[in-house]
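Asker: Structure provided below as structure tokens; questions to follow.
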Amino acid sequence: MGRRAPAVVSAILVVVAVVVAACAPVATPRPTQSPSPAPSALAFPRTNGEVVAGRYASDPPFDVPFTFEVPADGWESMHLHGEFFDIGRFATEERQTAPVRWIAFGHPDHIRGDEDVPAAGLTPEAAATLLSARGDLTASEAVPYTLAGRDGVRLDLHAPEANTPIFGGPDGDFNLEPSIDIRLGIVPLGEDLLLVFVGAPPGELDAAWDEALPILESVDL
């Protein structure tokens with residue numbers, strides 16, 4: 001994805017293919033989903049870099065305004081797009097690998113099933129079914145999940161092959177890599193969907209989810 005910020009360093013792109021090769025045409029703007037966050041929230045970094053402890057506003061860069069609390073230093077901003085933004089923790093200061101802890105939010109234009117399916121009008125359950133029915137993904141059973149009072153579902157996803165598309169928007173597709181598993185929450189947002197995922201190396205997803213919960217539970221839409 002690459003609409004509102006410089007592309008992520010190439011070392012990350014080798015392991016976590018989240019950016020598309022070329023920009024898609026600009027989509028028709030969606031109506032504002034909720035009032036702008038309170039002025040007291042910190043502005044999310046406009047460039048890739050450190051995110052210190054504090055309460056942040058998602059918009060900009062994200063299309064959906066909300067606030068969320070980052071309870072400790074050590075997180076970094078990674079992608080800055082209208083349909084996708086995130087924070088991560090890296091194993092080294094040089095960021096030469098994928099993040100070992102990853103929290104991301106998505107406002108998708110489409111969900112990838114056997115083909116791209118528009119997200120507008122899909123229920124969280126229908127979106128989860130599209131993903132879990134695919135032969136190129138390993139998916140857990142979908143279970144109930146609530147984010148900021150919105151009831152949906154969540155499921156774990158693993159991609160055996162590189163560059164496996166999950167969802168996308170005007171700036172391109174989010175592609176899952178074998179080196180990172182994600183726990184994906186899907187909740188309704190008017191006629192659209194709001195996604196949140198926690199990512200970690202295989203075998204570490206439960207621990208990463210526990211670490212991410214204070215941030216996820218602080219989301220105020």
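Every number in this text was worked out from the coordinates using simple rules, so none of it is lab data. Everything numeric here is computed off the predicted structure, so don't read it as measured data. Note that each Cβ is placed from the backbone with ideal geometry, even for glycine, and that neighbours are counted across all protein chains shown.
Asker: Can you figure out the FRET efficiency of Arg46 with Leu213, using R₀ = 35 Å and their beta-carbon distance, to the nearest 0.05? Kindly include the intermediate steps, with their values, before the conclusion.
Answerer: Details: r = 27 Å, r/R0 = 0.78.
That gives a FRET efficiency of 0.80.
Asker: Ok, one more. Which distance in nm do the two modelled labels at Ala162 and Val100 give, with both placed 7 Å along the Cα-to-Cβ direction?
Answerer: 2.3
Asker: Same structure again: What full-extension length gain, to one decimal in nm, is calculated for Asp220 and Ser140 as 0.36 nm per residue of separation minus the Cα-Cα distance?
Answerer: Values: separation 80, 0.36 × 80 = 28.80 nm, distance 2.75 nm.
This chain segment gains 26.0 nm when fully extended.
Asker: Tell me, in nm to one decimal, what length is gained between Asp73 and Ala148 on full extension, where the rule is 0.36 nm per residue of separation less the Cα-Cα distance? Write down the numbers at each step before the final one.
Answerer: Numbers: separation 75, 0.36 × 75 = 27.00 nm, distance 2.32 nm.
Extending this stretch completely gives an extra 24.7 nm.
Asker: Put a dot 7 Å past each Cα toward the Cβ at Ala91 and Ser179; how far apart are the dots in nm?
Answerer: Between Ser179 and Ala91, the simple spin-label model gives 0.8 nm.
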